[in-house]
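Engineer: After the structure tokens below, expect a handful of questions from me.
The values are calculated or read from the model by the stated rules, or taken from the named source; none is laboratory data. Since the model is a prediction, treat every value here as computed from it, not as a measurement. Don't worry about glycine lacking a Cβ; one is built from the backbone with ideal geometry, like all the others, and counts go over all protein chains shown. Heavy atoms of the whole protein, side chains included, go into the accessibility calculation; ligands, DNA and RNA do not. Shrake-Rupley method; radii C 1.70, N 1.55, O 1.52, S 1.80 Å.
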Amino acid sequence: MVAGLLAVLGGAAWVLLDRGLRQNVDVSLQAAAVTVATTSRDPAAQLGDALEALMGPMMAGRLYELLDPRGRPDPRLATRGTRLPLSAEALRNAEAGRETFETVELPTMSLRVLTMPIVAGGQIERLVQVAVPLDAVETARRRFLLILAGLAPLAILGAAAGGWWLAGRALAPVDAMVESARRITAEDLSQRVAVPPADDELGRLASGLNDMLARLERAFSSARRFSADAAHELRTPLTILKGEVEVALASTQTPDEYRRVLASAQEEVDRLAALVEDLLFLARADAGVAPPPQDSVDLRAVLDDAGPALIALAERGGQHLTVDTNGPVLVRGSAPLLLRVVVNLVDNAIKYTPTGGQVFVRLAAAGQAELTVRDTGPGIAADDQARVFDRFFRGDPARERGGTGLGLALTRSIVQLHGGRITVESQPGQGTCFRVWLPREMGATP
Ligand code: ADP
């Protein structure tokens with residue numbers, strides 16, 4: 001690009017310089033011709049000196065001539081100059097009263113010649129010829145070309161070196177980022193890309209990459225924790241089961257004792273089966289392989305069906321459960337899965353609320369279907385509120401109550417499969433409120 005630019009600029013400067021030099025020469029010639037014309041009338045005048053004063057030592061060669069109207073040297077006019085060539089065209093022009101500029105190549109030099117008629121009283125009195133050697137112009141042009149030819153490669157080299165240096169400096173942070181990105185592996189996602197100090201595109205790219213790494217690190221560590229937790233959860237019932245079987249096999253038992261061991265083993269197997277079922281559901285939901293059926297489900301009917309069982313459950317726990325519905329609310333999805341949402345939330349509310357507490361279930365339809373499950377239990381600490389939906393997260397009281405920590409993770413998964421969302425609000429000591437929003441079935445009116 002620099003070379004192209006230099007070529008265009010150099011070409012333009014060359015054309016302008018050439019034209020300027022030629023115009024200068026022609027203007028000087030004209031001034032000299034006028035001087036010769038006026039001075040030649042006065043025999044006493046020192047024509048040569050006058051010209052030299054006007055045009056400088058260039059005129060020292062005395063390149064001027066006075067001719068008669070037909071172009072012959074006029075001995076009476078005492079010409080002292082060199083004999084200058086007079087072309088037929090210049091003579092024709094002079095006879096017509098016009099001046100002529102010509103460039104003439106002599107064996108020794110090239111000349112710019114002006115032939116000018118001197119008119120007096122409507123008559124051509126004589127012709128004046130003035131010439132300037134063009135070697136000064138040539139020298140100026142040659143010097144210009146030399147400078148251009150010398151400076152252009154320097155400028156191109158300078159631009160290339162500067163460009164190389166600048167690009168190197170600008171891209172150095174990219175190299176540093178590539179270097180740190182190479183060091184980051186799935187086993188060690190705690191490393192970060194070096195962030196350049198400037199807040200430019202590269203700085204933002206590095207921060208963007210670091211944000212992505214932070215998210216990946218969270219996802220990886222939660223996946224790792226998930227498998228560790230799952231293994232741990234499965235191990236406990238299996239250990240109990242194994243212990244019971246071993247004890248039963250160690251000695252001869254009565255049929256009643258075998259029955260008791262088998263009943264206890266069945267409990268553990270049920271627990272294992274439920275856990276495996278939940279894990280399978282979450283894994284399928286993650287993989288997106290089993291979208292829920294798109295039936296038209298009336299949430300009020302779901303609540304009405306589950307109501308008596310839930311009320312009985314609450315009474316067993318010594319709480320009072322109120323279900324408040326207000327006409328049918330239609331959503332698209334799977335009735336058993338939505339029932340699971342209701343049961344999970346109400347079961348938690350009953351499980352964590354101390355005896356004598358209250359649980360309110362409310363179904364409303366304002367734009368979206370809104371299911372609220374509120375209790376007057378111990379509430380959830382602010383730090384834990386963001387984590388209750390995590391898989392295997394259990395608050396302190398939950399451990400004694402035998403929860404797996406999968407209930408809310410599963411609930412959120414089901415809600416999200418139905419295109420909805422779930423939130424938790426809680427004031428520790430004052431109770432907890434879970435809210436589920438689900439898109440209502442299009443075109444359906446309650
Ligand atoms: P869990 O099987 O332990 O009940 P969940 O996923 O259902 O698992 O709940 C996760 C944790 O959230 C619980 O261990 C408990 O600490 C907290 N939690 C859930 N619901 C409530 C509630 N209504 N009141 C207080 N804490 C709750």
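Engineer: Find the Rg to Rh ratio for the chain, where Rh is the Kirkwood radius over alpha-carbon pairs and Rg uses the same atoms.
Structural biologist: 1.61
Engineer: Suppose a student asked you for the relative contact order of the chain, using Cα pairs under 8 Å spaced at least 6 residues apart; what percent would you report?
Structural biologist: With pairs under 8 Å counted, the relative contact order is 9 percent.
Engineer: Still on this structure: With a 1.4 Å probe and every protein chain kept in, tell me what percent of the accessible surface of the chain is carbon plus sulfur.
Structural biologist: 59 percent
Engineer: Separate question: Would the stretch 281-332 count as rounded, prolate or oblate if I go by the C-alpha gyration tensor, calling it rounded below 1.5 in a/c and otherwise prolate when a/b exceeds b/c, oblate otherwise?
Structural biologist: Cα axes put the stretch 281-332 in the oblate bin.
Engineer: In addition: What's the whole-number percent of alpha carbon pairs in the stretch 106-233 lying beyond 25 angstrom?
Structural biologist: The calculated P(r) of the stretch 106-233 puts 66 percent of pairs beyond 25 Å.
Engineer: Please report the spacing between the Cα centers of the stretch 105-130 and the stretch 189-203 in Å, no decimals.
Structural biologist: 79 Å
Engineer: Quick test of the membrane-span-like rule: which DSSP H helices of the chain reach at least 20 Å along their long axis (C-alpha atoms) with mean Kyte hydropathy at least 0.0?
Structural biologist: 2-39, 135-183, 201-250, 299-316, 335-352
Engineer: Sticking with this one: Using R₀ = 56 Å, calculate the FRET efficiency as 1/(1 + (r/R₀)^6) where r is the Cβ-Cβ separation of Leu262 and Asp175; round to 0.05.
Structural biologist: 0.25
Engineer: Is the C-alpha gyration tensor of the stretch 305-413 telling us rounded, prolate or oblate? Criteria: a/c under 1.5 is rounded; beyond that, a/b larger than b/c is prolate, otherwise oblate.
Structural biologist: Oblate, since a/c reaches 1.5 and b/c is not below a/b.
Engineer: Between Ala309, Ala206, Ala250, where does the largest GNM mean-square fluctuation fall for the chain, given springs only between Cα atoms within less than 10 Å?
Structural biologist: Ala250
Engineer: Let me ask another. Compare Leu171, Leu63, Leu238 in a GNM of the chain, Cα atoms joined below 10 Å, and give the one with the largest fluctuation.
Structural biologist: Of Leu171, Leu63, Leu238, the most mobile in the Gaussian network model is Leu63.
Engineer: Let me ask another. Classify the stretch 243-349 as rounded, prolate or oblate from the Cα gyration tensor: take a ≥ b ≥ c as the square roots of its eigenvalues, call it rounded if a/c is under 1.5, otherwise prolate when a/b beats b/c and oblate if not.
Structural biologist: oblate
Engineer: Using 0.36 nm per residue, how much length does the chain from Ser227 to Val15 gain when fully extended, once their Cα-Cα distance is taken away?
Structural biologist: So the chain would gain 68.3 nm between Ser227 and Val15.
Engineer: Which sequence of Glu125, Glu370, Glu187, Glu65 reflects their accessible areas, 1.4 Å probe, from the largest down?
Structural biologist: Glu187, Glu125, Glu370, Glu65
Engineer: Name the residue, out of Met212, Met109, Met177, whose mean-square fluctuation peaks in a Gaussian network model built on the chain with Cα pairs under 10 Å.
Structural biologist: Result: Met109 has the largest fluctuation of those listed.
Engineer: What does the accessible area per residue of the chain come to in Å², with a 1.4 Å probe and no ligands, DNA or RNA counted?
Structural biologist: Here the per-residue accessible area is 58 Å².
Engineer: For the stretch 353-395, run through the trypsin sites (Lys or Arg not before Pro) and keep only the ones in DSSP coil with at most 16 other Cβ atoms within 10 Å of their Cβ.
Structural biologist: Those that pass, being in a loop and sparsely packed, are Arg387.
Engineer: Can you compute the modelled spin-label distance between Arg83 and Arg142, with each label point 7 Å from Cα toward Cβ, in nm?
Structural biologist: 2.9 nm
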